[in-house]
Amino acid sequence: MKSDTFLTRRGLLGTALSGAALPRSTLAQAQSSRKPDTKSMRIEIAFSSHVFTAALYDNPSARDLVSMLPLELTIEDYSTNEKIAYLPRKLTEEESGPFRNEAAGDLCYYAPWGNLAFFYAGYSYSRGLIRLGRLDHSFEPLLTRGKFPLRIKRL
């Protein structure tokens, strides 16, 4: 019986130690897959004749974005699945890392270029991409082609 108890304790200790040694990116990935913080970090996004809202995740990059609001930017088409807007300065990349469950309606930050990415079609995670939040309803406004003044403010 003692040997069984010893093995169980050793197994538990090994599991605990291996979990403590996980890289920060694994922690960031777990945090990025949480639901947005719909109570305290909500924003309004407006361009052309469209006004819509988004809920931001509770992560350092999203909080950094909120600290910059309100913002007057320009939104434009990029590729076949997103609109982008360049920020006046780069956001923190603290606690960033890979994430999954990418979907249309995600609001992300692309650190290498310092821009927001509003996805209206499927995409895959790439290095430097940080998920900030999700649009509350439809991503249809993002289908409006062109370059427009963009206003983002906190609700």
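Derivation of every value follows stated rules applied to the coordinates shown; laboratory data play no part. Just so we're clear, the structure is a prediction, and the values are computed from it rather than from any experiment. Reconstructed Cβ throughout: ideal geometry from the backbone, glycine too, with neighbour counts over all protein chains shown.
For segment 99-114, backbone phi angles converted through the Karplus equation (6.51, -1.76, 1.60; θ = phi - 60°) give residue-by-residue couplings of 9, 9, 6, 4, 7, 4, x, 6, 10, 10, 10, 9, 4, x, 9, x Hz, Gly and Pro being listed as x.
With no solvent and one equal point scatterer per Cα, compute the Debye intensity ratio I(q)/I(0) for segment 42-155 at 0.10, 0.13, 0.15, 0.17 Å⁻¹ and report its log10, rounded to two decimals. After summing over all Cα pairs, the log10 values are -0.24, -0.41, -0.56, -0.74. Placing dummy labels 7 Å off each Cα toward the beta-carbon, the span from N81 to V51 is 3.2 nm.
Roughly how big is segment 24-154's charge dipole about its Cα centre, with Cβ charges of +1 (Lys, Arg) and -1 (Asp, Glu), in debye to the nearest 20? Present the calculation step by step, with values, prior to reporting the outcome.
Working: 18 positive and 15 negative charges, 33 e Å.
Result for segment 24-154 is approximately 160 debye, rounded to the nearest 20.
For E76, E140, which order do you get if you count the other beta carbons within 10 Å of each Cβ and list the fewest first? Write down the numbers at each step before the final one.
Values: E76 16, E140 11.
Least to most surrounded, the residues fall as E140, E76.
Express in nm, to one decimal, how much length is gained between S124 and L155 on full extension, taking 0.36 nm for each residue of separation and deducting their alpha carbon distance. Write down the numbers at each step before the final one.
Details: separation 31, 0.36 × 31 = 11.16 nm, distance 2.92 nm.
Result: 8.2 nm gained on full extension.
Paramagnetic label reach from R145 (point 7 Å along Cα→Cβ; backbone nitrogen cut-off under 13 Å): within segment 79-99, residues 79-81. Using C-alpha pairs below 8 Å separated by at least 6 residues, the relative contact order for segment 24-154 is 34 percent.
In segment 101-145, the C-alpha radius of gyration followed by the widest Cα-Cα span (Dmax) gives 10.3, 28 angstrom.
With the simple model of a label 7 Å out from the Cα in the direction of the Cβ, D58 to S138 spans 3.2 nm. For K147, the aspartates and glutamates whose Cα falls under 20 Å of its own Cα, not counting residues fewer than eight places away in the same chain, are E44, E72, E76, D77, E82, D106.
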